[in-house]
Each structure stands twice: as C-alpha cells, then as structure tokens.
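Student: Following this message is one structure expressed as structure tokens.
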Amino acid sequence: LAGCGGDDAGSGGGDDKLVMGFAQVGAESGWRTANTKSIQDSAAKAGIELKFFDAQGKQENQIKAIRNFITQRVDVIAFSPVVESGWGPVLKEAKDANIPVILTDRAVDTPDTTLYKTFIGSDFVLEGKKAGEWLVKEYEGKPDTVNIVELQGTPGAAPANDRKEGFGDVIKADPKFKVIASQTGQFTRTDGKEVMEAFLKAHPDIDVLYAHNDDMGLGAIEAIEAAGKKPGTDIKIITVDAVKDGMTALSQGKINFIVECSPLLGPQLMDLAKKVHAGETIETRVLTEETTFNQEQATAALPTRQY
Ligand code: AHR
C-alpha cells in the first residue's frame, strides 16, 4: 500500500501488499544476524513488503529511518530500539500519522504505552535471573568468595539494563558473590575480548564471567586462553542467547551455562502486523518462549539448532 501515492495508504484492500518498515539495531552479534534473517524470511513468506533499515547501532539513525517510514506512509512500523529512552517524540509522530508501531525484541521506557500497539520479545530480567540462579546452585554449600566479572551489553539497551538487574537481584542474597568488575562489551566479540583482557590484567583471581550475550563470551574466551587459563574450568562462564557458536563452545566445555534468548521473532511479528493492519485487537505484550542449556543439553540440541 505504501508507495501507491494515495491518501488511502494503510486502508487495505485489493492485491496490494502490506508494507512494513523495519528499523533494525545493526549487525552486532550472531543473535542479531539470526533475528534479521528471521524477519526477512518471514516477511517474504507472509507476502509482506519489507523496507529494511540497518541503524548500525545508532539511535539517531533509527529515528531518521522511522521518520522516513512515516513520510513513505508504510502500513506498519516495527523496530528493535537500540536504547530504551528517547523515543517519545518520534513515536508520537507515527501515532499522529496513524501508522501503528510494533516494538520487537527490545522495550522503550516511554510511560505512554498508547504510542505502540504491542511489544514482542523476551523477558530480559528473567534471563538475568536464570543466569544468577544457575550460579547460586553451582556454588551451593561452598562458603568461599566467588569473584565475578560482568560483560554488559550496549549501555542503555534494555537487554543490558535488565540482564544486569535480574542477575544482581538473585546473587545479592548471598554476600559471597562479589561482582569485582562490570563493564560494557557492546554485545560484540571484539569488545568482549578487549574488556576481558583488561579484566584479567587487573584481577588475577576471577572465578566467574557473566556475559550478557554469547558473542562477548566468545571474545572473552579468546582472551582467557591467551592468558593461559582454561575457559569453563579456571573461569566459569555464563552467557545469554544460545546461538550456534555459543552452543558449540558450551558443548566443548568452554562455557558452562547459556540462557536462551530467541531471535526467531519473524513469524509472530508478521502475524501481529497483519492483525494490527486489519484492525484486530492484539495482546499488548507477546512473550517469547525460552529455555536454558547446560553442556549436555547443548550437545544434544546442536545438530538441529537453526541459528
Ligand atoms: O536484544 C537482544 C540482544 O541484542 C541479544 O541478546 C544480543 O546478542 C543482541 O545484540
């Protein structure tokens, strides 16, 4: 419908394809690559015309893209916000233009929830809690201090804020768990490696690494090995995502536990977009189903892992 030039854009009917403008975060991780593929494949399968934009990790790029989608009068706008705050004005512009917005993967912190139709994605606080719970169990009955280093995701991003919060909430119950260093690794392998190198230099006594995603954990593994230590044994590693590379490292014993975060949001997103466009009422929060993996479970799951 968008691009037809008429004022009726968004009103449906005929053979016109529903047009979705999608502003992606970037290509920072294996998770993101799988998420982009899921969205592109699902749009094609659902007969939805997708205008895809890669914001290269910058909020201002995403805001520009959303404004472009509004000007083009797409039928539905979907995006995965780089950071949580600062979306009020552009979301208001979309609402005033009568273009429904669907948040995918990450939330925004605007108090006005009428600015978007629904939010589909994971419960990141719960993911952090699952990571903390594994740790508590792993060190059950062991009274010694557990020195933890944390690699955080992109500053201000919902998964970074929430995974930190959930993990912290669980481990604070026992003072033996000490987060001795916590810094961003930007959700990338390169930064994960670099920051872990610095952690290793500053702290010879690290027991555990908690990385907010697999990619940072994989970068950190390189740093740990280069420092002559054995990842998964000398330093226990917990990550989030469960992409193939992470699962491979887990099954090899280099990671100890992964909390799954599913990137396969495409099919549900297209379904929701069609419903919103047809004026149907949809749930305002759609949660993704997820599990966790230990080393044996990763080995069993790997042969059929899609991403
Ligand atoms: O928003 C989801 C997070 O973003 C993934 O866990 C991480 O890998 C990605 O970059």
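Student: Any lysines with Cα under 16 Å of the K51 Cα? List them, leaving off those in the same chain fewer than 8 positions away.
Tutor: Within the straight-line cut-off, K51 pairs with K17, K37, K64, K274.
Student: Using θ = phi - 60° and the Karplus curve 6.51 cos²θ - 1.76 cosθ + 1.60, what whole-Hz ³J(HN,Hα) does each residue of region 139-145 get, with Gly and Pro shown as x?
Tutor: After applying 6.51 cos²θ - 1.76 cosθ + 1.60, I find 9, 4, x, 10, x, 5, 4 Hz.
Student: At 222 nm, what value in deg cm²/dmol follows for the chain if DSSP H runs of at least 4 each add -39500 (n - 2.57) and the sum is divided by all its residues, to the nearest 500?
Tutor: -12500 deg cm²/dmol
Student: Related question: Just how far, in whole angstrom, is region 90-119 from region 253-306 if you go by their alpha carbon centroids?
Tutor: If we compute the Cα centre of each part, the gap is 22 Å.
Student: Report the Stokes-Einstein translational diffusion coefficient (µm² s⁻¹, integer) for the chain, Rh taken as the Kirkwood radius over Cα pairs, at 37 °C with viscosity 0.692 mPa s.
Tutor: For these conditions, the coefficient is 163 µm²/s.
Student: Which of the lysines could a cross-linker bridge to K229, judged by Cα under 30 Å and excluding same-chain residues fewer than eight apart?
Tutor: Reachable lysines: K129, K130, K137, K142, K164, K172, K176, K178, K193, K201, K244, K254.
Student: Pull out a ≥ b ≥ c, the square roots of the eigenvalues of the alpha-carbon gyration tensor of region 161-280, then state rounded if a/c is under 1.5, prolate if not and a/b is larger than b/c, and oblate in the remaining case. List each step's numbers first, then the result.
Tutor: Details: a/c = 2.51, a/b = 1.87, b/c = 1.34.
Here region 161-280 falls in the prolate category.
Student: Which values, in whole Å and largest first, are the semi-axes of the equivalent ellipsoid of region 51-177 obtained as the square root of 5 times each eigenvalue of the Cα gyration tensor?
Tutor: 38, 13, 11
Student: Given the options A94, A173, A220, state which has the largest fluctuation in a GNM of the chain using a 10 Å cut-off (strictly under) for Cα springs.
Tutor: Fluctuation is largest for A173.
Student: Can you give me the Cα centroid spacing of region 22-56 and region 185-219 in angstrom?
Tutor: 27 Å
Student: For K142 and D245, what does the FRET efficiency come to when R0 = 25 Å and r is the distance between their Cβ atoms, rounded to the nearest 0.05?
Tutor: 0.25
Student: Report the extension gain between A226 and K176 in nm, rounded to one decimal, defined as 0.36 nm multiplied by the number of residues separating them, less their alpha carbon distance.
Tutor: This chain segment gains 15.2 nm when fully extended.
Student: For region 32-116, which trypsin sites (Lys or Arg not before Pro) pass both filters: DSSP loop (anything but H, G, I, E, B) and at most 14 other C-beta atoms within 10 Å?
Tutor: Working: sites: R32, K37, K45, K51, K58, K64, R67, R73, K92, K95, R106; in loops: K58, R73, R106.
Within region 32-116, the qualifying trypsin sites (Lys or Arg not before Pro) (loop, at most 14 other Cβ atoms within 10 Å) are K58.
Student: Further question: Calculate, for T284 and K58, the FRET efficiency according to 1/(1 + (r/R0)^6) with r their C-beta to C-beta distance and R0 30 Å; round to the nearest 0.05.
Tutor: 0.60
Student: Then there is this: Which ordering of W31, W134, W87 is given by a fewest-first count of other beta-carbon atoms within 10 Å? It would help to have the intermediate numbers written out before the result.
Tutor: On the way: W31 23, W134 20, W87 26.
Lowest to highest Cβ neighbour count: W134, W31, W87.
Student: Set the Förster radius R0 to 45 Å, insert the Cβ-Cβ distance between T304 and D96 as r into 1/(1 + (r/R0)^6), and round the FRET efficiency to 0.05. Can you show the working numbers first?
Tutor: Values: r = 46 Å, r/R0 = 1.03.
Here the calculated transfer efficiency is 0.45.
No lab work stands behind these numbers, since they all come straight from the coordinates. All values reported here derive from a predicted model rather than from experimental measurement. Here Cβ is always computed from backbone atoms with ideal geometry, including for glycine, and neighbour counts include all displayed protein chains.
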